[in-house]
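Beneath this line is the structure, given in structure tokens, with notes to follow.
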Amino acid sequence: ESGRAPEEVIVHHHVVFWTPNIDRLAGGGVKLTQHLAAAPLCTPSRAAFLTGRYPIRSGMAAQNQVGVFIFSASSGGLPPSEITFAKLLKSQGYTTALIGKWHLGTNCHNSSDFCHHPLSHGFDYFHGIPVTNLRDCKPGEGSVFTTAFRLLVFIPLQVLALALLTLAGLRWLGLFRVPPALIFSLLFLAALVLGLLLCFLHFFRPLNCFLMRNHDITQQPMSYDNLTQRSFLKDNICGPLTCGSMRVNHIPVLVKFGRFEHSFFSLSGQILDVLDELKLANNTLIYFSSDQGAHVEEVTVKGELHGGSNGIYKGGKATNWEGGIRVPGILRWPGVIQAGLELDAPTSNMDLFPTVANLAGAPLPEDRIIDGRDLMPLLLGQSQRSDHEFLFHYCNFYLNAVRWHPRNSTSIWKAFFFTPKFSPEGANGCFATHVCFCHGHSITHHDPPLLFDISQDPRETDPLTPTSEPRFWEILEVMQQAAAHHTRTLQDVPDQLSPGNIIWKPWLQMCCSWSGLSCQCDREKEEGRGSH
């Protein structure tokens with residue numbers, strides 16, 4: 001339609017994206033139509049992507065409800081012992097850079113040891129956000145902590161208020177002599193709870209929503225004005241270079257009042273243009289993906305549904321339904337990978353590790369299990385099948401489902417050991433809690449497991465039964481044996497997302513300068529002025 005923005009069409013309260021640059025990227029490369037995240041949450045998925053290993057192997061799979069890092073001053077993170085593909089490439093003479101979101105920890109013991117920082121994991125350069133992009137980072141967008149506020153603040157305040165009113169009534173009726181110290185204690189507790197809430201609301205954004213360049217904070221709190229362009233276009237493309245991670249795909253960055261505020265899709269086109277201009281396209285492997293499916297439960301402070309769409313697929317972020325783990329998978333390498341191919345074989349974001357290692361001539365580590373598989377035989381047409389016969393889907397620490405693509409069959413079986421309880425009933429997500437959880441009363445266990453044939457039922461609407469699938473028990477037996485064998489390969493490792501590792505620790509807090517009892521600076525703006 002005439003007059004529309006070059007990258008979008010607005011339809012009522014929904015944004016329908018017209019993405020010629022992504023189409024251009026896909027048309028010039030290979031589309032993996034069954035590409036899967038190794039976890040349905042940012043932190044574990046990114047750990048798997050960088051290491052080629054299921055996140056449970058590195059301790060990046062939480063055993064409690066909080067499955068990602070929330071605070072910049074947490075002590076957990078990707079262990080220094082883990083080998084990322086950036087480390088392998090660096091050993092082969094590559095200059096490595098990470099542009100965008102990290103979300104795999106920063107410090108261990110003090111605010112400047114940077115034990116989990118990208119520069120400690122093989123990257124020579126980092127420019128982006130160390131934690132994540134919660135809606136709390138953007139003024140006026142509300143909070144993801146609403147449920148926590150209700151449980152930890154509003155309910156205790158109501159209980160304290162009721163206690164005070166009861167004591168006042170008993171005293172007025174002369175039924176009970178209320179010690180003044182008791183009244184004072186209850187009032188002090190109420191003031192303390194309210195004060196902690198106000199402090200959290202005031203300090204969360206500056207302490208957790210900031211930009212870094214290498215080890216230095218450049219903007220605290222971060223501004224969303226031209227964030228995408230500032231973070232990426234100012235960084236020169238120089239070779240050899242690996243990993244421009246622009247996977248900052250949380251709702252507040254992208255959507256404002258129903259419009260696409262920071263045009264990531266436009267930026268994708270600019271990157272392709274620069275590669276063509278510098279005549280680097282034929283020497284550059286581009287990988288385009290996401291770390292999980294869209295967050296369907298995202299609701300604005302006005303109650304408007306701003307969650308993303310996962311198309312025909314069920315569920316979304318934090319679930320192992322297809323909507324939570326089936327992600328875009330595009331690889332482009334002109335002159336090497338045939339343009340316009342579509343491959344339906346199951347592949348994983350863990351596969352980038354062995355693929356990149358092979359291309360760079362770096363031997364894979366022999367002291368650990370690598371779960372990813374080299375994609376090049378598939379991409380070059382040397383093989384018609386993925387090397388993944390089985391893939392295991394974790395919900396945090398817990399083995400949630402198994403996917404099986406038998407060697408001599410076109411069927412792709414998927415068995416769930418448990419599924420999340422969507423709320424309200426009939427919804428396509430866990431709207432009551434803003435995100436689905438992985439254990440306890442939040443899930444429904446299935447015995448026998450819930451079985452689907454994804455090749456015939458990608459929407460996962462019709463679970464199979466012994467009646468509808470004559471080999472039902474035989475299929476489940478094979479998948480349960482595979483799960484048991486996989487489980488035996490796991491080793492006990494420290495839980496990086498334990499409560500002690502994810503809580504806020506004052507001595508780990510990074511701050512560019514204390515001003516007005518808040519961390520505040522804007523070196524990005526100062527550098528921008530100096531560049532003109």
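The values are calculated or read from the model by the stated rules, or taken from the named source; none is laboratory data. These numbers were taken from a predicted model, which means no experiment stands behind them. For neighbour counting, all protein chains shown are included, and Cβ atoms are generated from backbone atoms with ideal geometry for every residue, glycine included. Quick note on the areas: whole protein, heavy atoms, side chains included, nothing else; ligands and nucleic acids left out. Shrake-Rupley method; radii C 1.70, N 1.55, O 1.52, S 1.80 Å.
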**Item:** Residue match in the range 44-51 (condition: at pLDDT below 95 and either touching a helix residue (DSSP H, G or I) at 6+ places or on another chain (Cβ under 7 Å) or not hydrophobic (A, V, I, L, M, F, W, C) (or both))
**Value:** no
**Message:** Restricting to the range 419-449, give me the number of residues that are among the polar types (S, T, N, Q) and either within 24 Å of Ser143 (Cα to Cα) or in a loop (DSSP other than H, G, I, E, B) (or both).
**Reply:** 4
**Request:** Please identify the pairs in which a residue from the range 374-386 that is in contact (Cβ under 8 Å) with a residue 40 or more places away in the chain has its Cβ atom under 6 Å from the Cβ atom of a residue that is crowded, with 16+ Cβ neighbours inside 10 Å, counting only partners at least 6 apart or on another chain.
**Result:** Leu375/Asp351; Leu375/Thr355; Leu379/Val30; Leu379/Ile337; Arg385/Ala345; Ser386/Ala345; Ser386/Pro346; Ser386/Thr347
**Prompt:** In the set Glu297, Glu366, which member is without any contact (Cβ under 8 Å) to a residue 12 or more places away in the chain and in a loop (DSSP other than H, G, I, E, B)?
**Reply:** Glu366
**Message:** Just to be sure before I move on: is His393 in contact with a helix residue (DSSP H, G or I) (Cβ under 9 Å, 6 or more places away or on another chain), assigned to a loop (DSSP other than H, G, I, E, B), closer than 19 Å to Pro458 by Cβ and in contact (Cβ under 8 Å) with a residue 12 or more places away in the chain in the structure I sent?
**Reply:** no
**Request:** Name the single residue, out of those in the range 403-419 being among the small types (Gly, Ala, Ser) and farther than 19 Å from Thr444 by Cα, that is nearest to the chain's Cα centre (by Cα).
**Result:** Ser411
**Asked** Of everything in the range 88-119 that's assigned to a helix (DSSP H, G or I) and surrounded by fewer than 20 Cβ atoms within 10 Å (Cβ to Cβ), which residue is nearest to the chain's Cα centre (by Cα)?
**Response** Leu119
**Request:** Among the residues of the range 184-202, write down those that are open to solvent by less than 50 Å² (accessible area, probe 1.4 Å) and either touching a Lys or Arg at 6+ places or on another chain (Cβ under 9 Å) or within 28 Å of Trp102 (Cα to Cα) (or both).
**Result:** Leu197
**Request:** Among the numbered conditions (1) assigned to a strand (DSSP E or B); (2) open to solvent by 30 Å² or more (accessible area, probe 1.4 Å), tell me where Leu490 comes up short.
**Result:** (1)
**Request:** Using the structure shown, decide if Thr461 is in a loop (DSSP other than H, G, I, E, B), closer than 18 Å to Gly293 by Cβ and of a type in the set (S, T, N, Q).
**Result:** yes
**Request:** Filter the range 375-407 down to residues that are aliphatic (A, V, I, L, M) and within 21 Å of Phe452 (Cα to Cα) and give me whichever is most open to solvent (accessible area, probe 1.4 Å).
**Result:** Leu399
**Request:** Taking Asp351 as the residue in question, decide whether it is assigned by the TED database to the domain that holds Ala86, of a type in the set (Asp, Glu) and open to solvent by less than 60 Å² (accessible area, probe 1.4 Å).
**Result:** yes
**Request:** Kindly provide the set of residues from the range 310-344 that are of a type outside the set (Gly, Ala, Ser) and part of a strand (DSSP E or B), ordered by number.
**Result:** Arg326, Ile330, Leu331, Arg332, Leu341, Glu342, Leu343
**Request:** Could you tell me which of the residues Leu152, Leu157 is more than 26 Å from Ala62 (Cα to Cα) and open to solvent by 40 Å² or more (accessible area, probe 1.4 Å)?
**Result:** Leu157
**Asked** So is Arg57 among the charged types (D, E, K, R), in a loop (DSSP other than H, G, I, E, B) and over 15 Å from the mean Cα position of the chain (by Cα) or not?
**Response** no
